Amino acid sequence: MDIKNLNKEQAAAELKRIAEEMAKSDIAYYQNDSPYLTDAQYDELKKRNEEIEKLFPELIRPDSPSKRVGAPIKSEFKKVVHRFPMLSLADVFSIEEVKDFIDSVKRFLKTDSEIAFMCEPKIDGLSFSARYENGIFVQGATRGDGQVGEDITENLRTIRQLPLTIKNAPNILEIRGEVYMSKEDFFALNNLNQSLGKKIFANPRNAAAGSLRQLDPEITRNRHLSLFAYTWGEVSDRIWDSQADFFNHLRNWGFPINPNNRLCRSVNEIEQFYTNLMTIRSSLNYDIDGVVYKVNDILLQQRLGFLTRTPRWAVAHKFPAEQALTKIQNIRVQVGRTGALTPVADLEPINVGGVMVAHATLHNEDEIKRKDIRIGDTVIVQRAGDVIPQIVGVKLEYRPTSSVPFSFPTTCPECGAHAIREQDEAVRRCTGGLTCPAQAIERLKHFVSRDAFNIDGLGDKIIEDFYNEKIIQNPVDIFTLEQRNHPHEIDLFNKTSGLELEKRNGWGKKSVENLFASINKSKKIPLARFIYALGIRQVGTATSRLIAQNFGSWQHFENDMIAAQTDKLLAIDGIGESMACDIIEFFKEDHNRRIINQLKQIVTIEDFAEKISNSSPLSGKTIVFTGTLETLTRSEAKAKALSLGAKVAGSVSKNTDFVVIGADPGTKAKNAAQLGIAVLTEQQFLEMLS
Ligand code: IVH
């Protein structure tokens, strides 16, 4: 029918027909490799759709094919808070470790029967999340730090493999998977860019990342990205009960799923899957870097639950590292945040599995001795995933006759202070402490890093420059930068000259504004991040969180630490003697106390907030487990309690709220009785959980 003669009702019906027809054609073309519309027919439909939309703009559908193109260019990405964090996976590198993983799953679940695992190629791309509301694609996000990602709705929309509408789906459904660039498209892009004198990408993954995170979605569209769906985030009604079943739904909704995914029921099958995938790896049109094994049954997944950043029910089995031969030009010794001296080899740059490698870590003094690695040696370098390249061994037949063993420095190469090795320690440390510039710089880098204050705009190079130019010497200086940038705006009479950062090479007004905005935003910080930012030896993100959860507020923590209450730390399940000692030592240092006092004037440290609703009877309570439990394993019980906001302690004290006792409970039960603490049977504990 001629478009001009369409009435509103007919136009709406026609737009619906075209959207459906084109979606069907997209699936046939992109998923099934069986196009049934010619390019001309496809373009014809697209044009007709656009013309009708021009006449009836009010009828433009959310799933209109015209929405795949033409979104405006943005100045920055909006943030998207993931309702369910996007986690990563623990890596294993051998079939023995896979067996250990399977055993740990069985132990956790207290079962001897075989467990079915969905085995999937691990796609080497970028994870995405696509949110559908009432069957319509409404938001796309990157993984970001797992908690907060970037809004890439318009970019994802340009990927033709992503269905814009899905039928018979839960009202709210987040589909997650991997965006990648096929090897074919990667080579084509690099060839094109080379002829145009534009950027050459090191590997398909970088190309995919550079293409997806584009403020102009038109660029994304021209780059030809692909995707595989493999998991979900928020869902209003989970209508599948296994990973296999989930894939059936994905297939029906029109998502591309990897054709090599297989359900395996024994270690043997898993091993075969892995070996087979390794042999076909190079023939695939996309990069994979291993296999992911997921417990197939969702109820079992739920029982297994999560560690801080990774699920207990899945693991990534990485392919062996790729290797190459090259020469060591120099061995440098770097000084870390805690004074540890780490040797690094400068290499003749070499391509290892598609990535240029110019440096490799040598770990420590003993490692160099053990492998007898010398300057001038020809060595085998290896790279595994994102891990820092390593040196596997020396090709002695190529060693120059003049070579001498490497002698490890006994003084700090940065500040000249003695570098000593404590008994039983593998690392040698600089004793320069707070006066060593290298340590100060590394501490600053740590302070602004993503899991700490998360300040954008203070990259490694800038921190180094600012430190050397005495612009930033300690964390407090970061927060006075803005004031020092143009002091005379405040201080009209004493015209002190300001930093005028915007005049620096490569800087401008905008970058300075962005930096100050990021600094100001970071002034409100959750307790766990603040603790982590301090850079106390051995205290990583997980420990910081434990401390935050157990002490609740900074003031509680600080008071107890200054009073050297080691037992308060040791009472926390997960903190041992050596860590507790490092924490107390940190607070003994005057300099640290001074910096903390100044920081407290500037930043707001938010008390630990329970994510879980306070309605949980366990929220905020301290629990001790003792004896052998019947239906739950100890780790399962502990994980359940933690996830409901409880603290789990190792021993009974007057702060304990409940003691859960299993068979043969021992002295803890007696202590509880003496202190008048509530004692629960396993059954009673289970009832509280439900
Ligand atoms: S599942 C909670 N399945 O690997 C588990 N991840 O190291 C969520 N990846 O961030 C991930 N292929 O980007 C899963 N078949 C697959 C995958 C896969 C690639 C990536 C993903 C994730 C990373 C974890």
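Brief remarks on what is shown
- C-alpha center-to-center spacing [the range 525-591, the range 110-173] in angstrom: 37 Å
- Relative packing of 593-601, 161-169, which averages over residues the other C-beta atoms within 10 Å, highest first: 161-169, 593-601
- Scanning the chain for cysteines with no neighbouring cysteine C-beta under 4.7 angstrom from their C-beta gives 119, 264, 581.
- Pairs with C-alpha atoms separated by more than 31 Å, drawn from the list 8/78; 8/79; 199/503, are 8/78; 8/79.
- Residue 650 long-range amide H proximity, modeled H, under 5 Å: 573
- Projected-area average for the chain over all orientations - Cα convex hull basis, square nanometres: 39.3 nm²
- For the range 447-586, averaging the sequence separation of C-alpha pairs within contact (under 8 Å, six or more residues apart) and dividing by the residue count gives a relative contact order of 22 percent.
- The longest part of the chain holding none of the exposed loop chymotrypsin sites (Phe, Trp or Tyr not before Pro), meaning those outside H, G, I, E and B in DSSP with at most 11 other Cβ atoms within 10 Å, is 37-492.
- GluC sites (Glu not before Pro) restricted to the range 583-690 and DSSP loop, no more than 16 other C-beta within 10 Å: 589, 610, 630
- Cα centroid separation, the range 425-449 to the range 183-240: 38 Å.
- Here residue 4 is the anchor, and the lysines within straight C-alpha reach of less than 30 Å, apart from those fewer than 8 places off in the same chain, are 16, 24, 46, 47, 54, 67.
- Lysines whose Cα lies under 16 Å from that of residue 470, excluding same-chain neighbours fewer than 8 positions away: 445, 461
- DSSP-assigned coil residues among GluC sites (Glu not before Pro) in the range 122-160, each with at most 15 further Cβ atoms within 10 Å: none
- With each label modelled as a point 7 angstrom along the Cα→C-beta vector, the residue 468-residue 95 pair spans 5.2 nm.
- Within straight-line cross-link reach of residue 668, lysines at Cα separation under 30 Å, skipping those fewer than 8 residues along the same chain: 106, 110, 568, 611, 621, 638, 640, 647, 654
- Low-density loop cleavage sites - trypsin sites (Lys or Arg not before Pro) in the range 454-542, where at most 11 other Cβ are within 10 Å (DSSP): 470, 495
- Selected from 396, 197, 173, residue furthest toward positive end of dipole (the chain; charges at beta carbon): 197
- Normalised contact order of the range 535-690, rounded percent, pairs of Cα under 8 Å and 6 or more residues apart: 20 percent
- MRE, 222 nm, helices only [DSSP H, n ≥ 4, -39500 (n - 2.57), over the chain, to nearest 500]: -11000 deg cm²/dmol
- A simple packing score, the average count of other Cβ atoms within 10 Å per residue, orders the peptides 81-89, 19-27 as 19-27, 81-89, with the highest score first.
Each value in this text was obtained by applying a stated rule to the coordinates, not by laboratory testing. All figures in this text were calculated on a predicted structure; none of them were measured in a lab. In this analysis, Cβ positions are derived from the backbone assuming ideal geometry, glycine residues included, and neighbour counts consider all displayed protein chains.
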